[in-house]
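Structure first, commentary second.
No lab work stands behind these numbers, since they all come straight from the coordinates. Quantities reported herein were computed from a predicted structural model and do not represent experimental measurements. Neighbour counts are summed over all protein chains in view; Cβ atoms, including those assigned to glycine, are modelled from backbone coordinates with ideal geometry.
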Amino acid sequence: MAGFKWGGSVLVIAMALLTLIGFFYTPHNPTEMNIQQRLAPPSLQHPLGTDNYGRDILSRIMVGGRPAFQAGMVAVTLGLLIGVLWGAAAGYYRGWLEEILMRTADGLYSLPTILMALLAVTLLGPGQASILVAVTLANIPIFARLTRAQFISLREREFVLAARALGLKDLRIIVLHILPNCLPTLLVQASVSFAAAILAEASLSYLGLGTQPPHPSWGRMLKEAQGFAGLAPWAAVFPGLAIALAVLGFNSLGDNLRDYLDPKS
Amino acid sequence: MMYLLKKLFGMLATLAVVSILTFFTLFVLPGDPALLILGTEADPGALELVRAQLGLDRPVIVQYASWLGGVVRGDFGRSLTFSRGYAVADLIAAALPVTLPLAAMAIFLAMAVAIPLGTLAASRRGKTADKIILGFSQAGLSIPAFWLGILAIQFFAVRLGWFPPGGMPRWSADPLGALNSLILPALILALPRAAILTRIVRTAMLEILKEDYIRTARGKGLPETAVILKHGLSNALVSVSTVAGIQLIQLVAGTVVVEQVFSLPGLGRLILSAVLLRDLPLVQGTIFVGAAIILAVNFLLDSLYPILDPRIRGVQ
């Protein structure tokens, strides 16, 4: 890994660890209210202070990262799986199939994530499920377009023509010969998409469309903190910082991967 | 002309598809508007009566046709929740003077920041100015805009008192106050788009600066500023405008969040409350108008291509 910059990965690992540890240990119960301790500034007992119900903000941040990371993992995994199949079919077979697939992908691509989330909430009601639907739908066309572009440029290359001349089956050519060459590009996009999904989950739960109280999520915490941000700035600062660091981590990881895998650009 | 007509036709077709999609998606929804109005305790006879009044007992095609007929005449039906029976068209008409200027200001700001910064970064590639601009762009991409909005309200509105902490007076009552209450939201709305557009402009410029005609322009002794602005930028903007559309769509969609942060009575906030209250006529009307605005922005951008790129003018 000579020449790989670790900046993004370090941030990603730090935020992921914080969330992982939250599954086994939090300094306080993240949903337990304590009226005597309400709006307490950062202290030894509550390193990041408490909110208007006296709940420990550090503990809530450790647990509130779950919906964000879940949105990232689901959006990237399903987006990759479906999008790669979609784009590979379009880019390898071309013709009318490509026309239909890519027109649909373009249509989906032009719909903003917020609009998809609003429609999903109208159908399914507010909650994490609606957000997962929206971020997945947002990522399928991105991976489909990317994969198709890669396939079109790769399918006429000598090593693919050679494989075809040897009489290999389409599936074997696609999986063993073309797909591995798309991996660097897809990997960079996966990282950027993870960042976008975290940001989308935070925005949508800020709007009240995602995780419902009393369960914490970073966006939801900001929504609640906005009402008393003047009295307790820490309640509005730290959850936002958590979102920003996680998003910055995945965005920089994408940049670092691009520099490492494709030094030309 | 043919080019624009074709785009205009495509836009109307998309709008028709959007209207069908929203209408029919919402039609399969669980939940009964009559129940929403009368409450779950209502007796079946009264429910039937309300359903007949709302026209819900007719086939879905007939309902869609009558809704579309209304839309053409500017009638989107009546809201089920907003002091019950408020005309959806009136609610939308009251929201547009907030959202349209907000989006327009943010689009202008994003362009005004991204084009010079992206050009500067490309012309100083690898140097300090480039690194600083890329750093700012990375930060603008990663910092959640609504978080920055919440902090900006605390600092610029509550502490310094330069702006109202939220809400907006009517344009007719206090035009300066209305404008003032849109400045901070427009800045916040523009920030993430400015960050991405800066990168897009930079990449497009770097591509163009590799071209032969740039070498020719330099070779014939043109000053570097003239090379970059006249030969570089005017060509870079052509490729920028093809990807800028999606960014402007995202910007318009971002009004939903920003209006919530700043408590602005705009279309985004209206859509959000319509969805959370499951007020179907209001959801249909607001999403239709929102889609129309997004398509109109796209159409304006499409009509810029022939101005930016003479090749389109020539061929069509």
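Structure data summary
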quantity: Magnitude of the charge dipole, chain A, Cβ model with Lys/Arg +1 and Asp/Glu -1, debye to 20; calculated: 340
quantity: Estimated vicinal HN-Hα couplings, Hz - segment A:206-213 in sequence order (Karplus 6.51, -1.76, 1.60; Gly, Pro = x); calculated: 4, 6, x, 8, x, 3, 9, x
quantity: Cα centre as origin, Lys/Arg/Asp/Glu Cβ charges: chain B dipole, Debye; calculated: 1440
quantity: Principal axis box of the protein assembly as shown, alpha-carbon based, largest edge first, Å; calculated: 78, 66, 59
quantity: Chain B, relative contact order in percent, only Cα pairs under 8 angstrom and at least six apart counted; calculated: 26
quantity: Peptide A:206-213, shielding by other chains (average Cβ, 10 Å cutoff); calculated: 3
quantity: Calculated diffusion of chain A, Stokes-Einstein form, Kirkwood radius summed over Cα pairs, 37 °C and 0.692 mPa s, µm²/s; calculated: 162
quantity: Whole-number Å³ per residue for the convex hull built on Cα positions in segment B:71-187; calculated: 169
quantity: Burial ordering of B:I20, B:I208, B:I214, fewest other beta-carbon atoms within 10 Å first; calculated: B:I20, B:I214, B:I208
quantity: Rounded to whole Hz, the Karplus (6.51, -1.76, 1.60) HN-Hα couplings of segment B:208-214, x for glycine and proline; calculated: 5, 5, 7, 5, 4, 5, 5
quantity: Ratio of the Cα radius of gyration of chain B to 2.2 N^0.38 Å, where N counts its residues; calculated: 1.22
quantity: Amide hydrogen neighbours beyond the local backbone of B:R78, cut-off 5 Å, H modeled; calculated: B:V88
quantity: Cα gyration tensor shape for segment A:77-118, rounded if a/c is under 1.5, else prolate or oblate; calculated: oblate
quantity: Net charge, B:G118 excluded, C-beta distance under 13 Å - Lys, Arg +1, Asp, Glu -1; calculated: +3
quantity: Between helix A:66-93 and chain A: long-axis angle, C-alpha atoms, 0 to 90°, nearest 10; calculated: 10
quantity: Helix B:60-72 vs. chain B, principal-axis angle (Cα, 0 to 90°, nearest 10); calculated: 60
quantity: For segment A:70-108 versus segment B:120-156, the gap between their alpha-carbon centres in whole angstrom; calculated: 32
quantity: Gaussian network model of chain B, Cα within-10 Å springs - most flexible of B:G149, B:G167, B:G70; calculated: B:G70
quantity: Charge dipole (the protein assembly as shown, unit charges on Cβ, about Cα centre) - positive-most of A:L261, B:W147, A:M73; calculated: A:L261
quantity: Theoretical ellipticity at 222 nm over the protein assembly as shown - DSSP helices of four or more residues, -39500 (n - 2.57) apiece, nearest 500; calculated: -24000 deg cm²/dmol
quantity: Degrees separating the helix B:267-277 axis from the principal Cα axis of chain B, which is the longest one; calculated: 40
quantity: Sequence of A:R60, A:R148 once ranked by neighbouring C-beta atoms within 10 Å, starting from the fewest; calculated: A:R148, A:R60
